[in-house]
1. At a Förster radius of 22 Å, what calculated FRET efficiency corresponds to the Cβ-Cβ distance of GLU23 and GLN46, to the nearest 0.05?
2. Report the label-to-label distance for SER73 and GLU199 in nanometres (one decimal), using points 7 Å from each Cα along the Cα→Cβ vector.
3. How long are the semi-axes of the ellipsoid equivalent to region 116-269, from square roots of 5 times the Cα gyration tensor eigenvalues, in whole Å, largest first?
4. Just the Cα atoms of region 276-360: what Rg and Dmax do they give in Å?
5. Which shape class, rounded, prolate or oblate, goes with region 1-102 when its Cα gyration tensor gives a ≥ b ≥ c as root eigenvalues, a/c under 1.5 marks rounded, and past that a/b bigger than b/c marks prolate?
6. At a Förster distance of 35 Å, what's the computed FRET efficiency of THR119 paired with GLU273, Cβ-Cβ distance as r, to 0.05?
7. Roughly how big is region 68-191's charge dipole about its Cα centre, with Cβ charges of +1 (Lys, Arg) and -1 (Asp, Glu), in debye to the nearest 20?
8. If you wrap a convex hull around the Cα atoms of the chain, how much volume per residue is inside, in Å³?
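The values are calculated or read from the model by the stated rules, or taken from the named source; none is laboratory data. Remember, it's a predicted structure, so these values are computed and weren't measured experimentally. Positions of Cβ are backbone-derived with ideal geometry, glycine not excepted, and every protein chain shown enters the neighbour counts. Note: accessible area is taken over every heavy atom of the protein model, side chains too, but ligands, DNA and RNA are not part of it. Shrake-Rupley method; radii C 1.70, N 1.55, O 1.52, S 1.80 Å.
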Amino acid sequence: MGEIFVTRSSMPPLEEYIDEIRELWESHWLTNMGAKHKELEKQLRQYLEVEGVSLFSNGHMALEMVIQAMGLSGEVITTPFTFASTTHAIVRNGLTPVFCDINPENFTMDVSKMEALITEKTSAIVPVHVYGQVCQVEEIEEIAKHHDLKVIYDAAHAFGVTYKNRGIGSFGDASMFSFHATKVYNSIEGGCVCFQDQELGLDLYRLKNFGIRNEEVVDSVGANAKMNEFQAAMGICNLRHVEEEIEKRKRIVSCYRECLKDTRGIRFMKEQENVKSNYAYFPILIEGSEFGISRDCVYDLLKEKGIYTRKYFYPLTNSFACYKDQYDVKETPVALDVSKKVLTLPLYADLTLEDVYRICDNIKALGGK
């Protein structure tokens, strides 16, 4: 049997992409916010139901630039149960992350523990829609308004998600999406910031383009984080198919849930009310004492069978070697516990149900009897 990888990039038909990039050979305009870049921004504003969109070369630069654009200082409350990018973007802006624990239901930030972390140095909250699970956005907004804090959502996992029929990118002061090749929607590499404040949009434009306002005026210090035309063309193509891709993922997730629902020692997240999911990931928690073997053993044994899973997120960012002795991981005990038990199973649009059955059969054969 062939190997099953944890993820696989969605791609449009080759002929469709070739047709999309054909005019680039005519115009020779390959970067610097060309026609494809502008068209993708327009389409994303409509699809994501947001006021403004600024495209970037990748999701990390989008997050780093929006934090910088807001002129934050001091401390930022965030989660350790996330990809390295979230924490690094805060630190690289000269800010101090303050880690809030997660709730055990959907692994987003536990809002009941948030206010106790706010000090006179706190300037913002950076929550993460983990696995596309929606944060408690109303409660976060209330806390932020009460303490006059900015809210920047890391929505890297949440493309296409809606909450109460509202695009998830419209919450907070800004939201960052990643269009990395492994995501539900991709532009090969890429990302964007969604915003309401047009002044913020101008700041983002300057930051990603060397601080340039126009041909003769450079009025800020910026970087180079522009999305190129080939990325934008891929984004345009994949946007045509994203709803179809999400439906395929939904079928796979439903199959996983049905196959594993009665397996002792395995728990997975409940579906959220009022949320249209994008089925970005399918994480399971393996309770070793109940299942019979640990998460790490399951990971290793599945790998021997050619089934590649991911310990996502492990380790927590507040335990990274680069932050040694700066944080006490025991201060976020729920996140620590989840990180030692979580395993994301293979999930991508063209994963066959036959392979899902194979994955589940192998998992059940290891324990949970």
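1. Working from the Cβ atoms, E equals 0.50.
2. Result for the modelled spin labels: 1.7 nm.
3. Equivalent ellipsoid of region 116-269: 32, 24, 12 Å, largest first.
4. 15.1, 47
5. oblate
6. Efficiency, from the Cβ-Cβ distance: 0.55.
7. So the magnitude is around 360 debye.
8. Measuring per residue, one finds 141 Å³ for the Cα hull of the chain.
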